[in-house]
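Student: If you scroll down you'll find the structure; I have some questions about it.
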Amino acid sequence: MPLNHLTDSGQPIEPSPDVQRTTLGLDALGRYVCSTWDEATGSGSREFDAIVVGAGMFGAYCADRLFRWGQAARLKVLVLDAGAFLLPMHIQNLPNIGFNVPRALAPSADPGVARELVWGIPWRGNTDFVGQAYCIGGKSLYWGGWCPRLLDDDLADWPGSVVSYLRQNYSLLEQQTGVDVRTDFIQGDLFELLKARLSAIVGTTPGLNLDVVEDPPLAVQGQSPASGLFSFDKYSSVTSLIEAVRDAAREPDPARRLFIVPNAHVTDLSVTDGAVSAINVNVAGIPRSIPVRSGCAVVLALGTIESTRLALTSFPTSPTDPSQELMGRNLMAHWRSNIFVRIKREALDTTLSLPSELQAAALLVRGSTPLGRFHIQITASADPGGNADAMLFSMIPDIDQLQQMLASQRSGWITLGFRGVSQHFGEKQQGVPNPDGRWINLSPFETDEFGRPRAYVHLTTTSVEDELADAMDEAILALANRLAGDDPANIQVVSRVRDGLGTTYHEAGTLWMGSSPADSVTDTNGRFHHIANAFCADQALFPSVGSVNPTLTGLVLTRKIAAAAMALATGAIAPP
């Protein structure tokens, strides 16, 4: 039978600790990690030195860095997130508990209630979207984990100081996410064979538009980083944020330096004399506001679409002439194709060297044509059901279940999944809105539940981008056929689907970085050119996006932005 609603009685929970007992459990994790609005804003007389809006992949990492780096200066940090506490780690670090990502949906058909517990679509647009995960940690609890670097050619349009910073710090964030040791999570006979076959094909076959084979840059650490420590497992920045907030909780609230307030939807920012002077928030249905001093760093980390909406709502660069507005231009995403094939085991393993039971394999292949770049994420297993990912990113807590799964990998066919991702190119000159381009603006037709205009997202592709994606698909099929010995009897194409434009979560570019306010929105530290204390910390900062998942580059940028925000809060000189 359905459960009754839980309501706040208005009475303190006694005795301590004040953890709420629900019908089925204890809200211990949520209570130990999060604070109420009154606890956070009413504790002590000192104002906050930094306020991070959004506790997703980049906001959580930014808040953690500000807290850790600000120890000597006693920086006080507040994190505001529109969602509730859900999990303390990536969902794939848990047994199959039942948290799912919903299907893509036209924003106009958004039911207005969370799908799969936490997923909502706050914007409107011309294509289907999955939306946002409204919870502490956001999509970092769900993301796929492929984490390649941007290549030098991808960074050609980026400011030189930012490119230098990325090159210097990529390896550090690869260590943080578990990418640096690429084969501690993927190994075994199938991996070694597939790597050798792919390398031979790419290295000796002209005309495939394939450049290089790489070990899989997966954000999973499968072994202990040091003696006596557990591995990091599938990366989510929520883990480090929780560690930071629990360290902060060792001090009483008046002296505490880090608070996370959930269910706090930031509606807009007030600006006075070119600086954010207040943050206006709806907390569990109640309008609230917190004053912000000019030396307090305000960091928008809501993801490209919502960070752009909040900036457009609060401080447009061209309030009197929207046609000249820079924010919202340069929107980029990716085309992503999913091609699954089955290849006879003896065709792939011509020397019959593989054991009967196979473990999963994964590899990355980068490709290009004169039109642009793409990459292919390849997974493989002998799953009899045809699922190349059957043994990838799973937590199996039972040894009998594991042995049963391994025993099933004896099929006479090996399934390979090819997920190809091709780049899009931004447009910084064309005004918004326009009928043909990609852009974000504020909807003139609809406001949200807080009375603010929703973002409107317009996604299209050019003929060049479509041609590049088609070339990528052709390269995938040619590669698969080569692996099958170019014999149609050895290969079956199980499925071939190109995902919708709004389903990759890779939107980027609309608040791009640059040295001049005439041709960029933010500076080389992610600070808005025209707002003295406001920063962005997500992939909206990217001048260009290449073809890869933006997470690794976004985390490195977040580290740079956290350093700049700390410099503002302490009166130090910002990094170049």
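Values quoted throughout were computed directly from the atomic coordinates according to the rules given, and no laboratory measurement underlies them. Here the structure is a predicted model, which is why all the values come from computation and not from measurement. All Cβ positions, glycine included, derive from the backbone under ideal geometry; neighbour counts span all protein chains shown.
Student: For ASP253 and ASP519, compute 0.36 nm times the residue count separating them, minus their Cα-Cα distance, and round to one decimal in nm. Before the final figure, lay out each step's value.
Tutor: Values: separation 266, 0.36 × 266 = 95.76 nm, distance 4.39 nm.
Computed gain between ASP253 and ASP519 is 91.4 nm.
Student: If you find the alpha carbon centre of segment 413-489 and of segment 532-576, how far apart are they in angstrom?
Tutor: Centre-to-centre distance over Cα atoms comes out at 25 Å.
Student: To continue, here is another question. I need the Debye-formula profile for segment 459-527: one equal scatterer per C-alpha, no solvent, reported as log10 I(q)/I(0) at q = 0.18 1/Å, two decimals.
Tutor: -0.86
Student: Taking only Cα atoms, what is the 0 to 90° angle, nearest 10, from helix 189-204's long axis to the longest principal axis of the chain?
Tutor: With rounding to tens, the tilt is 80 degrees.
Student: Here's something else I'd like to know. P(r) for the chain, please, calculated from all Cα pair distances in 10 Å bins and given in %.
Tutor: 3, 17, 27, 26, 17, 8, 2, 0
Student: Over all directions, average the projected area of the Cα convex hull of segment 99-185 and note it in nm².
Tutor: Computed as one quarter of the Cα hull surface, the answer is 8.4 nm².
Student: Note down the nm distance, to one decimal, between modelled labels 7 Å out along Cα→Cβ at ASN387 and at GLN187.
Tutor: According to this spin-label approximation, the distance is 2.6 nm.
Student: Work out, in µm²/s and without decimals, the Stokes-Einstein translational diffusion coefficient of segment 206-282 at 25 °C, 0.890 mPa s, Rh from Kirkwood over C-alpha pairs.
Tutor: Answer from the Stokes-Einstein relation: 138 µm²/s.
Student: Taking each pair of different alpha-carbon atoms in segment 1-147 once, compute 1/r for the pair, average those values, and report the inverse of that mean as the Kirkwood hydrodynamic radius in Å to one decimal.
Tutor: Across segment 1-147, the inverse of the average 1/r is 17.9 Å.
Student: For segment 488-552, I need the span (max minus min coordinate) of the C-alpha atoms along each principal axis, in Å, sorted largest to smallest.
Tutor: Rounded to whole Å, the extents work out to 64, 20, 17 Å.
Student: If you take the C-alpha gyration tensor of segment 70-221, multiply each eigenvalue by 5 and take the square root, what semi-axes do you get, largest first, in whole Å?
Tutor: Gyration-tensor ellipsoid for segment 70-221: 33, 24, 20 Å.
Student: What fraction of the Cα pairs in segment 81-128, stated in percent, has a spacing above 12 angstrom?
Tutor: Considering segment 81-128, 69 percent of its Cα-Cα pairs are separated by more than 12 Å.
Student: Measure off 7 Å from each Cα along the Cα-to-Cβ vector at LYS428 and GLN71, then give the distance between these two points in nanometres to one decimal.
Tutor: Each label point is offset 7 Å from its Cα along the Cβ direction, giving 3.9 nm.
Student: Given DSSP loops and a limit of at most 14 other Cβ atoms within 10 Å, what is the longest stretch of the chain that contains no such trypsin sites (Lys or Arg not before Pro)?
Tutor: 411-576
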